[in-house]
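The values are calculated or read from the model by the stated rules, or taken from the named source; none is laboratory data. Everything quoted here is computed from the prediction, not taken from an experiment. All Cβ positions, glycine included, derive from the backbone under ideal geometry; neighbour counts span all protein chains shown. When the accessible area is computed, the model is the full protein with side chains, heavy atoms only, and any ligands, DNA or RNA have been set aside. Shrake-Rupley method; radii C 1.70, N 1.55, O 1.52, S 1.80 Å.
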Amino acid sequence: MKITEKIIEKHGLKKEEYENIKKLLNRNPNLLELGIFSAMWNEHCSYKSSKIHLKKLPTKGKQVIQGPGENAGVIDIGDDDAIVFKIESHNHPSYIEPYQGASTGVGGILRDVFTMGARPIALLNSIHFGSPSHPKTKSLLNGVVSGIGGYGNCIGIPTVAGETKFNETYNENILVNAMAVGHAKKNKIFYSKAKGLNKSVVYVGSKTGRDGIHGASMASAEFDENSEEKKPTVQVGDPFTEKLLLEACLELMKDDSIISIQDMGAAGLTSSSVEMASKGSLGIELELDKVPCREENMTPYEMMLSESQERMLMILEDGKEKHAKQIFEKWDLDFVIIGKTTNTKKLTLKYKNKIEGEIPIDALAANAPIYDRKWSKKKNEKNTIDFKKLKKIKIEDALIKILSSPNHSNKSWITDQYDQMVMCDTAQRSGSDAAIIRIHNKDKAIAVSVDSSANYCKSHPLTGGKQIVCENWRNLITVGAKPLAITNCLNFGNPENEDVMGEFAECLEGIKKACEFLNYPIVSGNVSFYNGTNKKNIFPTPVIGGVGLIKKIFKPIGHSLKKDKSFLILIGKTFGHLGQSCFLQENYSITEGKPPEVNLTNEKNNGEAVLKLINENLIDSAHDVSNGGLLVALSEMTISSNLGVKIEKPKKLNNTIEYFFGEDQGRYILEIGERNFKKVEKILKTGNIFYEKIGVTQQEFFEVEGELKIAKNDLFKINNQWYNNY
């Protein structure tokens with residue numbers, strides 16, 4: 001077939017990229033080779049627009065065993081235990097086919113974790129939808145939630161934490177980010193680097209079909225009015241087969257049979273074989289007639305670009321093939337030797353004894369394009385809101401409006417669809433600042449949380465980047481965990497747009513600064529560009545997934561109030577910053593202004609002080625103050641418990657609205673019993689930590705002195721009102 005400009009464009013390649021391919025090959029590529037270049041050089045696989053900026057991120061630390069570059073990141077949690085984790089996007093497929101898009105997103109991230117030798121122990125998600133009134137939102141929401149629950153529940157991995165947000169910026173491009181966490185032994189981590197010559201290259205798992213062809217390329221392009229036509233590029237998942245694949249891989253991993261192993265994820269057989277060979281500076285020769293196919297007359301092009309799910313590629317030690325085959329056949333899975341490693345440093349593709357394609361590995365990997373795209377710095381917005389001109393609102397009315405809004409209403413109707421307790425190690429499930437997973441048969445645990453803040457990042461990307469890392473850090477602190485490392489999923493619009501690229505560069509700079517200051521390295525992640533439709537880009541939405549360690553788990557802290565007549569104290573100063581606040585968005589539909597500043601010194605000092613108090617068993621409950629400010633945080637503590645609060649009026653700030661709804665950073669609410677209060681005060685004063693006593697817990701009522709008094713049960717009803725009427 002002659003390669004025309006139309007065919008090149010259909011493969012998502014620029015004209016200059018095609019010319020570069022011809023130079024690297026010293027000839028014109030055939031269609032199969034063009035498809036392979038298309039897969040490996042697209043944004044999703046090559047990171048060609050982001051690589052320059054990603055290199056600046058901090059990725060090392062004493063706790064880091066494996067940073068970015070592998071299927072998942074690995075950190076040390078002591079006692080020869082390691083935690084393996086990563087987050088990835090499945091945005092485009094989930095918009096086109098919400099159930100399958102979300103479910104295969106879960107399946108893919110699970111394979112990234114167990115291909116490293118870890119048994120998955122938890123799933124998390126960050127999902128963003130358009131305005132609730134948009135005609136597509138309800139069906140997309142229902143499909144995605146069903147897909148996440150369907151896959152996770154069937155495979156038997158608890159879905160323990162996440163976030164669901166609504167904003168019209170996602171009307172035509174939803175975000176579905178899935179995170180998986182696994183547990184492994186430090187001496188049994190598996191990698192994807194190929195080693196040795198003439199070693200068997202083995203295909204295991206499900207058969208290959210035509211689903212998902214060009215899936216990675218689709219993820220590297222904007223949507224338009226024809227997005228529905230792309231449905232055939234969405235993969236179809238089978239969690240029951242994935243469960244078999246998981247158990248078969250972990251069984252084989254008990255010995256020394258495997259040299260390297262790689263999930264067939266985006267770009268399927270193409271990316272897995274190229275990545276293994278590239279990391280090992282070897283060649284790979286594949287005999288495509290041997291690939292197990294579930295459809296008739298599949299071509300080499302289709303086999304190499306299919307993204308059929310539940311498949312792995314591995315390289316085995318000599319003489320281990322028979323042993324490995326017995327294991328996979330026992331689990332009723334395909335096991336076929338489809339090729340071998342070579343010293344050619346080429347990807348050689350044979351079909352019916354004829355070479356159908358031959359490409360230098362470096363041309364696909366090391367020589368993939370890297371772009372230093374132009375970007376423009378975000379102009380600083382001024383806080384021009386004249387509060388005197390705003391219609392006055394009572395504190396009670398403002399709070400009710402926020403708590404009954406889509407973004408702040410109770411989300412248990414979502415989380416109840418997920419099995420959170422399977423495996424029996426979930427010590428604290430979704431609904432708190434972070435979930436807690438006990439390390440099986442041990443008294444230590446990890447805490448996990450995911451966070452994002454698109455409006456902050458849109459308004460001031462540098463500050464927004466810092467803020468997400470800090471909020472994630474605080475969420476782990478409040479449950480008594482020492483934050484160890486993060487994974488990130490960077491969801492942005494078209495990188496060829498200077499403003500979008502500027503948002504990306506500045507957000508990453510903010511993330512970098514916060515991670516460095518807090519000693520909170522990034523060990524894995526994913527970049528998702530081209531999130532937009534018809535030239536309209538989404539708000540910049542980096543998502544941070546954090547993991548922390550609880551060395552001895554006694555009783556989870558959580559943010560549910562525990563005892564009547566306890567003291568409530570607020571850690572951190574309140575200045576009453578309302579720019580980009582939920583108060584203005586929900587009550588006045590105002591989205592102007594700058595987000596609150598992030599003081600990294602205060603974040604670190606305040607967080608370490610709170611963690612010290614928790615470790616000394618001086619706190620009954622804790623909650624960070626973030627979206628919605630102090631009053632929303634107190635409401636969440638009340639709603640999740642059987643107690644109310646009585647809060648004093650602020651003595652320093654004249655404007656009670658600013659005090660109760662300002663979103664100043666670095667703050668925590670702590671519940672402390674009277675017997676511990678003096679000890680807590682002494683520790684805070686010694687550490688020069690600003691705090692103030694703001695009230696006490698009480699029975700029945702949520703009360704602010706002279707401003708509002710709502711029965712606790714009524715507050716719960718208000719918080720459930722939106723979904724009940726949706």
- Message: Please list, short to long, the whole-number percent of alpha-carbon pairs of region 570-726 in consecutive 5 angstrom bins beginning at zero.
- Response: 2, 9, 17, 20, 21, 17, 10, 4, 1, 0, 0
- Query: Rounded to a whole number, what % of the accessible area of region 560-701 do carbon and sulfur atoms account for, probe 1.4 Å?
  - Reply: 44
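Provide the per residue accessible area, probe 1.4 Å, for region 278-431, rounded to a whole number of square angstrom.
Numbers: 8330 Å² over 154 residues.
Each residue of region 278-431 exposes 54 Å² on average to a 1.4 Å probe.
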- Message: Between Asn724 and Cys424, how high is the FRET efficiency from 1/(1 + (r/R0)^6) when r is the Cβ-Cβ distance and R₀ = 30 Å? Nearest 0.05.
- Response: 0.40
- Item | Whole-Hz couplings from phi, Karplus 6.51/-1.76/1.60, listed for region 192-204; x for Gly and Pro | 9, 6, 6, 9, x, 9, 6, 7, 5, 9, 10, 9, 9
- For region 116-192, what % of the accessible area comes from carbon and sulfur atoms, probe 1.4 Å? 51
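Semi-axes, largest first, in whole Å: what does sqrt of 5 times each Cα gyration tensor eigenvalue give for region 644-686? Spell out each step's value before the answer.
On the way: eigenvalues 114, 38, 23 Å².
Working through the eigenvalues yields semi-axes of 24, 14, 11 Å.
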- Work from the charge dipole of the chain (Cβ charges, +1 for Lys and Arg, -1 for Asp and Glu, about the Cα centre) and give the residue of Ile96, Val696, Phe114 farthest towards its positive end. Val696
- Message: Nothing charged except the Cβ atoms of Lys and Arg (+1) and of Asp and Glu (-1): what's the magnitude of the dipole of region 237-291 about its Cα centre? Round to the nearest 20 debye.
- Response: 140
- Task: Bin width 10 Å, alpha-carbon pairs only: give the P(r) of region 239-295 as whole percents, running from 0 to the bin holding the largest distance.
- Result: 17, 42, 37, 3
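How do 505-514, 549-558, 388-397 rank on mean C-beta neighbours within 10 Å, highest first?
Working: 505-514: 22.7, 549-558: 18.6, 388-397: 10.9.
In descending order of packing, they fall as 505-514, 549-558, 388-397.
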- Task: For Asn615 and Glu700, compute 0.36 nm times the residue count separating them, minus their Cα-Cα distance, and round to one decimal in nm.
- Result: 27.6 nm
- Message: I'd like the carbon and sulfur percentage of the solvent accessible area for region 230-323, probe radius 1.4 Å, heavy atoms only, ligands and nucleic acids excluded.
- Response: 49
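Taking the convex hull of the alpha carbon atoms in region 451-510, what volume per residue do you get, in Å³? If you can, show how the numbers build up before the last one.
Numbers: hull volume 4.5 nm³, N = 60.
Convex hull volume per residue, Cα atoms: 74 Å³.
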- Message: With N set to the number of residues, divide the alpha-carbon radius of gyration of region 1-140 by 2.2 N^0.38 Å and report two decimals.
- Response: 1.38
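What length, rounded to one decimal in nm, is gained on full extension from Arg27 through to Lys552, with 0.36 nm per residue of separation minus their alpha-carbon distance? Walk me through the numbers on the way to the answer.
Working: separation 525, 0.36 × 525 = 189.00 nm, distance 6.24 nm.
Taking Arg27 through Lys552 to full extension adds about 182.8 nm, to one decimal.
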- Message: Give me the one-decimal nm value for the distance between modelled label points at Glu5 and Thr686, 7 Å along each residue's Cα-to-Cβ direction.
- Response: 7.5
- Note on the structure: Projecting the Cα atoms of Ser404, Thr341, Ala366 onto the charge dipole of region 334-408, where Lys and Arg contribute +1 and Asp and Glu -1 at Cβ, the residue farthest towards the positive end is Ser404
- Per-bin percent of Cα-Cα distances, region 20-87 [10 Å]: 16, 32, 24, 19, 8, 1
- Query: Which residues in region 304-339 place their backbone N less than 19 Å from a point set 7 Å from the Cα of Lys254 along the Cα-to-Cβ direction?
  - Reply: 317, 320-333
- Query: What is the percent of Cα-Cα separations in region 541-606 that go past 19 Å?
  - Reply: 65
- Task: Over region 510-622, average the accessible area per residue using a 1.4 Å probe and give it in Å², no decimals.
- Result: 38
- Item | Unit charges on C-beta of K, R, D, E only; dipole of region 418-568, Debye | 880
- Order these peptides, 306-319, 407-420, by their mean beta-carbon neighbour count within 10 angstrom, highest first. 306-319, 407-420
- Between Lys56 and Val336, with labels modelled 7 Å along Cα→Cβ, what's the label distance in nm to one decimal, could you check? 4.7
- Added length on full extension, which subtracts the Cα-Cα distance from 0.36 nm per residue, Lys594 to Lys442: 50.2 nm
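Only helices at least 18 Å long along their own axis, judged from Cα atoms, and with Kyte-Doolittle mean hydropathy of 0.0 or greater: name those in the chain from DSSP H.
On the way: long enough: 98-114 (24 Å, 0.22); 137-155 (27 Å, 0.58); 239-252 (20 Å, 0.67); 268-280 (19 Å, -0.03); 461-477 (24 Å, -0.18); 498-518 (30 Å, 0.13); 600-615 (22 Å, -0.50); 712-725 (20 Å, -1.67).
Both cut-offs are met by 98-114, 137-155, 239-252, 498-518.
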- Query: What dipole magnitude, in Debye to the nearest 20, does the chain give about its Cα centre under +1 on Lys/Arg Cβ and -1 on Asp/Glu Cβ?
  - Reply: 1640
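Which trypsin sites (Lys or Arg not before Pro) in region 38-117 pass both tests, a DSSP loop state and at most 13 other beta-carbon atoms within 10 Å? Intermediate values should be presented prior to the final figure.
Values: sites: Lys48, Lys51, Lys55, Lys56, Lys60, Lys62, Lys86, Arg111; in loops: Lys48, Lys55, Lys56, Lys60, Lys62.
Those that pass, being in a loop and sparsely packed, are Lys55, Lys56, Lys60, Lys62.
DSSP beta bridges in the chain, what fraction antiparallel, as a percent rounded to 5? Don't skip to the answer; put the middle values down first.
Values: 98 of 122 bridges.
Here the antiparallel bridges make up roughly 80 percent for the chain.
Can you tell me the alpha carbon radius of gyration of the chain divided by the globular rule-of-thumb value 2.2 N^0.38 Å?
On the way: Rg = 26.0 Å, N = 726, 2.2 N^0.38 = 26.9 Å.
Rounded to two decimals, the normalised Rg is 0.97.
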- Task: Beta carbons within 10 angstrom, averaged per residue: use that to sort the peptides 335-347, 19-31, highest first.
- Result: 335-347, 19-31
- According to the square roots a ≥ b ≥ c of the eigenvalues of the Cα gyration tensor, what is the shape class of region 326-481, taking rounded for a/c under 1.5, prolate for a/b larger than b/c otherwise, and oblate for the remainder? oblate
- Query: Using alpha carbon centroids, what distance separates region 1-73 and region 441-509, in Å?
  - Reply: 26
